[in-house]
Amino acid sequence: MHTTHHFAQRMSQRGVSREMVELVRDYGVPEGDKLVFGRRDAAKVIDQLMQKLRVLKRIQDKGGLVVVETGESLITTYNLPHPRY
């Protein structure tokens, strides 16, 4: 997305990183022409990401996971037989 010179100046002045802007764009709540992402919103996303991290660690501990599907049907699942790195 195109950013204006004004936007870049304000980011610099206010200590706002590109990554912060991207997170607000991903998770912010639209209010008119603004996206608002408050402290409580950030806490909720942190909780969701921590839960996903716990699940990812369990998959990693198993050595990986395979899910077989066709169309809209889940057929089977099993541990990855030969872990990939």
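Each reported figure results from applying straightforward, stated rules to the coordinates on display, with no laboratory input. Because the structure is predicted, anything quoted here is derived from the model rather than measured.
Annotations
- The mean sequence distance of close C-alpha pairs (under 8 Å, at least 6 residues apart), as a share of the length of the chain, puts its relative contact order at 14 percent.
- Amide proton proximity set for Phe37, modelled H, under 5 Å, gap of 5+: Val29
- Descending semi-axes in whole angstrom, ellipsoid equivalent of the chain, from the Cα gyration tensor: 39, 16, 14
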